[in-house]
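Values in this text are rule-based calculations from the coordinates and carry no lab data. All of these numbers come straight from a predicted model, not from anything done at the bench. Because the Cβ atoms are built from the backbone with ideal geometry, glycine has one as well, and the counts that use them run over all protein chains shown.
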């Protein structure tokens, strides 16, 4: 059982750090975050590459008909937005994890790290829900035969 | 210039690296992380089931050769990746969810940092493997 002084109460509004207050990460914490940050940088580069491929795929637009071109443009723009957002949050995670890994003691780095984790996983979660809804509606139309009703 | 004052594990026995504001953000993220972890487990299970059915009912059509081996290997990597990533996501979800009880402490900070390393490392490694498989498929002109 942990002593009360060992714990920071999340509910306590007075317990919130100032952005410049010191944090207390151990050497192993800093090492773990450095490794995580390195992989986040790699993933950010992959997202940027994917973004560039999406831009390159727009070269097919002149060969498509009006409706097809509109849909391709729309989905490419959505893809660009998603890839850009994901890459941005990976970079934020990388920067804060790198700062903590190098020995930063400011609470703002830990706060940036936590906000990037929240934003990244919330984005992944929302995208997954949207994808699942699309997939299930497609299944409903093709397998169950909703297209005969509507 | 960043100041360096890295504590030994023993020195910071009672203190947390994350402040309550960060903790509240981790708690908010824990729900989504939990959802993604469970989804990865479910998809891994469905893929395994599909793979088993394909092997059992499609065994007579398997002719052997490089392509079959490649697809078999690809499926194994996908299934293993889903389960391993699901496990890492659940580790992070459990570590962040535990912040609801008793706030942040040294042990939970260690768990979160270790789980973050696990999640990003497995994510990066499996992205690397999938890129390598894609390059191999392009090199050997394998059609799916």
**Item:** Nearest-0.05 FRET efficiency for residue B:38 and residue A:58, computed from C-beta distance (R0 35 Å)
**Value:** 0.45
**Prompt:** Using a ≥ b ≥ c from the Cα gyration tensor of region A:23-74 (square roots of the eigenvalues), is it rounded, prolate or oblate, where a/c under 1.5 gives rounded and otherwise the larger of a/b and b/c decides, a/b for prolate?
**Reply:** prolate
**Prompt:** Sorted from fewest to most neighbouring beta carbons within 10 Å, what does the list A:94, A:135, A:88 look like?
**Reply:** A:135, A:88, A:94
**Partner chain coverage, peptide B:117-126 - average Cβ within 10 angstrom** = 6
**Request:** Starting from the Cα of residue B:125, move 7 Å in the Cα-to-Cβ direction to define the label point; list residues of region B:94-116 whose amide nitrogen is under 11 Å from there.
**Result:** none
**Complete:** Averaged over the residues of A:30-43, the number of partner chain Cβ atoms within 10 Å of each residue's own Cβ comes to 6
**At R0 = 45 Å, FRET efficiency that the Cβ-Cβ distance of residue B:28 and residue B:70 yields, to 0.05** = 0.60
**Message:** When a/c reaches 1.5 or more, the comparison of a/b and b/c decides; with that in mind, is region A:52-150 rounded, prolate or oblate per its Cα gyration tensor?
**Reply:** oblate
**Message:** How would A:67, A:105 line up from fewest to most surrounding beta-carbon atoms within 10 angstrom?
**Reply:** A:67, A:105
**Prompt:** When you look at the Cβ of every residue in A:127-133, what mean number of other chain Cβ atoms sits within 10 Å?
**Reply:** 1
**Complete:** On the formula 1/(1 + (r/R0)^6), with r taken between the Cβ atoms of residue A:128 and residue A:27 and R0 of 41 Å, the FRET efficiency rounded to 0.05 is 0.70
**Complete:** Ranked from fewest to most other Cβ atoms within 10 Å of their own Cβ, A:133, A:123 fall in the order A:133, A:123
